[in-house]
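Let me begin by presenting the structure, written as structure tokens, before commenting on it.
Readers should treat all values here as calculations from the given coordinates under stated rules, not as data from a laboratory. Only a predicted model underlies this, so the values are computations on that prediction, with no experimental measurement involved. No Cβ is skipped: glycine too gets one built from the backbone with ideal geometry, and neighbour counts run over all protein chains shown.
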Amino acid sequence: MKARVIYLFLSILIISSCSKNYLKQKADFTHYSLKQDPESENAKITIAEYKIKVDAETKKVIASSYDILIKDAEESPLGNFVCDALKYNGEKEFKNLPIDIVLFNRGGLRVNLPKGDIKIINIFELMPFENELILVKISGEKLTEALQTLLEKRHPFLGLKIKAQNNTLVETTINGSFIDKTKIYTVVTSDYLANGGDNFLFLKAPVAIEKSSLKIRDALINYCNYLTENKKQIIPYTDGRLQISK
């Protein structure tokens, strides 16, 4: 992961230092050892300097967690945290659009977040993808198609409350009310899922869609910064939004 970030910095450096005007010339090649090339040594120094800068940035502490945030559970504390973060950012990105539901995919959570200091590198490890925040509007009828997948795969969600016996749906509500198949619901999710990724096919034909340029990873960093600025600690929790009886 660090190598990817370092590569990005070096790419920017190389591109910005290149001339925009090019002349076609004959090239003469001479073989010589890089070990004897002063420019090669200078490049090593430059790389080392940028690595120090990148390491310092990725090791910056942006939040603190009371306990470990676990990704693998029937109702995942990490999934709940991510959904909270996406709703917080969604309300800022998609102003004047009340958010009914947040949906994410369990497979998109790559690692747990540790107890104690949360650093930028932890967020990169959790969310190494370039997916972006997106808002879609879907009918209640389409939403009901998603419920079995959410239940079976234990995908993270916010706004819904699902009760089930084993893998059989018993009851589902949205913010305390039963799903109205004729109503249009506003969903914040990732562009990957909105395009049908991870079998979220019910999102592929929305009534309306609104895109953003905000990376999911940056949304998590934003939320961590918000908590820290308001002197709040991350408290891992579950609230019974997914209840499965045997």
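Fewest-first ordering of Ile101, Ile70 by other beta carbons within 10 Å of each residue's beta carbon gives Ile70, Ile101. Under the convention that each Lys and Arg Cβ holds +1 and each Asp and Glu Cβ holds -1, the size of the dipole of region 61-245 around its Cα centre is about 100 debye. Fewest neighbouring Cβ atoms within 10 Å first, the residues Ser65, Ser245, Ser212 line up as Ser245, Ser212, Ser65. Summary value for region 61-245: 35 percent relative contact order, contacts being C-alpha pairs under 8 angstrom separated by 6+ residues. Of interest is the spacing of the C-alpha centroids, which for region 223-245 and region 55-94 amounts to 8 Å.
Calculate the all-directions average of the projected area of region 38-187's alpha-carbon convex hull, and give it in nm².
11.9
The protection proxy used here, the mean number of other Cβ atoms lying within 10 Å of each residue, ranks peptides 120-126, 199-205 as follows, highest first: 120-126, 199-205.
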